[in-house]
Amino acid sequence: MDRDLKILLDDVVHGHRMSEVEALQLFRVRDRQVWEIAAAADEVREQRAGNAVTYVLNQNINVTNLCVNSCGFCGYSKKPGDEGIYFHDKAEIQKKAGLASRRGVSEICTVSGLHPDFTAGSYVDVYRWILEAAPEVHLHASNPMEVAYAAKKSHLSTVRVLEMMKEAGLGSMCGTAAEILVDSVRDTICRQKIPTKEWVRIITEAHGLGIRTTATIMYGHCETDEDRVQHLRILRDIQDETKGFTELVPLSFIHMNTPLFRQGQARAGATGREDLLMVAVSRLFLDNFRNIQVSWVKEGIKMAQLGLIAGGNDLGGTMFEESISKGAGATNTDYLDPAEMRRVAEDIGRTLQRRTTLYNPV
Ligand code: SF4
């Protein structure tokens with residue numbers, strides 16, 4: 001192994017906080033030293049999060065696929081007049097929530113486009129309907145883009161919208177809509193989305209109100225290694241300030257059905273090397289995150305398993321209903337049986353542990 005790389009990895013394992021330049025150096029490794037980085041990240045994972053592989057029994061509820069935005073990486077959203085539009089009403093949402101409850105899930109996660117008629121009250125209504133039908137579940141919903149949209153439509157501050165959501169039963173918020181927190185990249189992939197500064201402000205406001213959130217990064221499209229590092233640095237800074245992130249969820253870009261890929265503005269997703277390094281470098285760089293998730297939905301279970309020996313400690317949710325990645329062209333995204341999760345965890349000498357959304361054991 002390169003001597004400088006060995007010294008750096010040793011230092012990080014013993015508590016050195018990595019600089020952005022050092023993170024960039026790791027993202028650029030292309031040869032067998034990828035395994036050394038993964039091994040160091042695995043050691044740090046063991047120190048920080050132990051040996052259990054965790055998962056949550058959850059269900060997505062898709063509210064509507066109508067969306068006023070046109071993000072280039074999205075194969076899910078529809079415009080008025082398109083085929084295949086849906087917008088579930090109270091009865092349908094409560095039916096799905098009731099079913100989730102009977103399945104014993106501990107978390108319901110809402111996924112939705114920005115419906116042209118939505119206001120802050122629409123989000124509040126959906127949350128109340130879900131919790132009426134499934135009062136025992138943890139509601140993991142919304143994201144900073146939805147909060148900004150609701151605030152704009154209802155002429156309210158984003159803090160007020162977050163308060164309304166919390167009062168309606170929001171348990172924690174999705175840290176999605178982050179994509180890559182670099183405005184020049186956002187201009188290409190999701191111009192109508194809130195800029196970096198606003199995403200950071202709303203996440204920080206949520207943490208300030210006691211609403212914990214996930215953190216995400218969507219990679220493998222048109223971002224550079226420098227962009228990835230900048231994104232991770234922003235997340236680390238927020239976590240230093242608020243401690244409000246529950247985990248990082250790296251989301252590998254699914255390219256097939258997306259306008260971004262079809263128009264030649266994105267590459268065909270991340271490679272296996274990039275998927276592994278994203279988990280490993282995140283684990284090494286984000287020294288204030290306990291949990292790094294590997295996404296079987298985005299990467300498939302085999303790659304996700306490798307992520308678990310490259311710094312990851314969590315397999316995310318069982319799902320039951322998924323349409324975002326499916327819309328973009330991914331397959332096998334609907335449900336992963338905990339028995340299969342256990343097989344994958346035990347195959348690498350670890351135990352499987354069910355958890356709540358906020359990482360308490362079940
Ligand atoms: S990613 Fe979200 S905001 Fe963007 S077009 Fe798709 S549904 Fe709409």
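With 0.36 nm allotted per residue and the present C-alpha distance subtracted, the ARG128-VAL362 stretch has 81.8 nm of extension available. Taking every protein chain into account, the 1.4 Å probe leaves PHE73 with about 30 Å² of accessible area, to the nearest ten. Taking amide hydrogens as placed 1.01 Å from N in the peptide plane, the amide H of ASN60 sits under 5 Å from those of CYS109, GLU321, each at least 5 positions away in sequence or on another chain. To the nearest 10, the accessible area of ILE7 is 70 Å² with a 1.4 Å probe.
Evaluated with a Cβ-only charge set (Lys, Arg +1; Asp, Glu -1), the range 63-206 carries a dipole of roughly 40 debye about its Cα centre, given to the nearest 20. Distances over 14 Å make up what percent of all Cα-Cα pairs in the range 1-93? More than 14 Å apart: 77 percent of the Cα pairs in the range 1-93.
Taking only Cα atoms, what is the 0 to 90° angle, nearest 10, from helix 120-133's long axis to the longest principal axis of the chain? Tilt relative to the chain: about 90 degrees. Pairs over the 26 Å Cα-Cα cut-off, from the set LYS90/LYS197; LYS90/LYS243; LYS90/LYS166; LYS96/LYS193; LYS152/LYS298; LYS79/LYS243: LYS90/LYS197; LYS90/LYS243; LYS96/LYS193; LYS152/LYS298; LYS79/LYS243. Dipole magnitude for the range 207-246: computed about the Cα centre from +1 point charges on Lys and Arg Cβ and -1 point charges on Asp and Glu Cβ, it is near 260 debye.
Between amide H atoms placed 1.01 Å from N, distances below 5 Å from ILE217 occur with VAL249, LEU251, all of them 5 or more places distant or on a separate chain. The residues of the chain present an accessible area of 40 Å² per residue when probed at 1.4 Å with all protein chains retained. Using 1/(1 + (r/R0)^6) with R0 = 22 angstrom and r between the beta carbons of GLU241 and SER157, what's the FRET efficiency to the nearest 0.05? Approximately 0.65, to the nearest 0.05. The residue among SER172, VAL344, TYR76 whose Cα reaches farthest toward the positive pole of the charge dipole of the chain, with charges on the beta-carbon of Lys, Arg, Asp and Glu, is TYR76.
Surface listing: TRP296, TRP129 arranged by accessible area from highest to lowest gives TRP129, TRP296, probe 1.4 Å. Between the Cα long axis of helix 225-242 and the first principal axis of the chain there is an angle of about 70°, rounded to the nearest 10. Here HIS138 sits with roughly 40 square angstrom of accessible surface, probe radius 1.4 Å. Over the range 60-172, the pair-distance histogram of Cα-Cα distances with 5 Å bins from zero comes to 2, 12, 23, 23, 19, 14, 6, 1 percent, rounded to whole numbers. Per residue, the average separation of C-alpha pairs within less than 8 Å and at least 6 apart gives the chain a relative contact order of 24 percent. The range 244-362: percent of C-alpha pairs farther apart than 23 Å? Value for the range 244-362 (Cα pairs over 23 Å): 32 percent.
Applying the Karplus relation 6.51 cos²θ - 1.76 cosθ + 1.60 with θ = phi - 60° to the range 93-107 yields 3J(HN,Hα) values of 5, 5, 4, 5, 5, x, 4, 4, 4, 5, 6, x, 5, 9, 9 Hz, where x marks Gly and Pro.
Building the convex hull from the alpha-carbon atoms of the chain and averaging its projection over directions returns 16.6 nm².
When the helices of the chain are scored as -39500 (n - 2.57) per DSSP H run of n ≥ 4 and the total is divided over every residue, the value at 222 nm lands at -13500 deg cm²/dmol.
Near the amide H of GLY317, within less than 5 Å, lie the amide hydrogens of VAL56, all on another chain or at least 5 residues away, with H placed in the peptide plane.
Residue-wise HN-Hα couplings along the range 285-302, as the Karplus relation 6.51 cos²θ - 1.76 cosθ + 1.60 with θ = phi - 60° gives them from phi, are 7, 8, 6, 10, 10, 7, 10, 10, 8, 10, 9, 5, 5, 7, 9, x, 5, 5 Hz; Gly and Pro carry x. Once you reduce the range 246-262 and the range 75-91 to the center of their Cα atoms, the two points are 21 Å from each other.
Return the carbon/sulfur percentage of the accessible area of the chain, one whole number, probe 1.4 Å, all protein chains in place. That share works out to 50 percent.
Cysteine residues of the chain whose Cβ has no partner cysteine Cβ closer than 4.7 Å: CYS67, CYS109, CYS174, CYS222. Sequence-ordered 3J(HN,Hα) estimates for the range 38-44 from the Karplus curve with 6.51, -1.76 and 1.60 and θ = phi - 60° stand at 4, 5, 5, 5, 5, 5, 5 Hz, glycine and proline given as x.
The values are calculated or read from the model by the stated rules, or taken from the named source; none is laboratory data. Quantities reported herein were computed from a predicted structural model and do not represent experimental measurements. Cβ atoms come from the backbone with ideal geometry, glycine included; neighbour counts cover every protein chain shown. These accessible areas exclude ligands, DNA and RNA; they are computed on the full protein's heavy atoms, side chains included. Shrake-Rupley method; radii C 1.70, N 1.55, O 1.52, S 1.80 Å.
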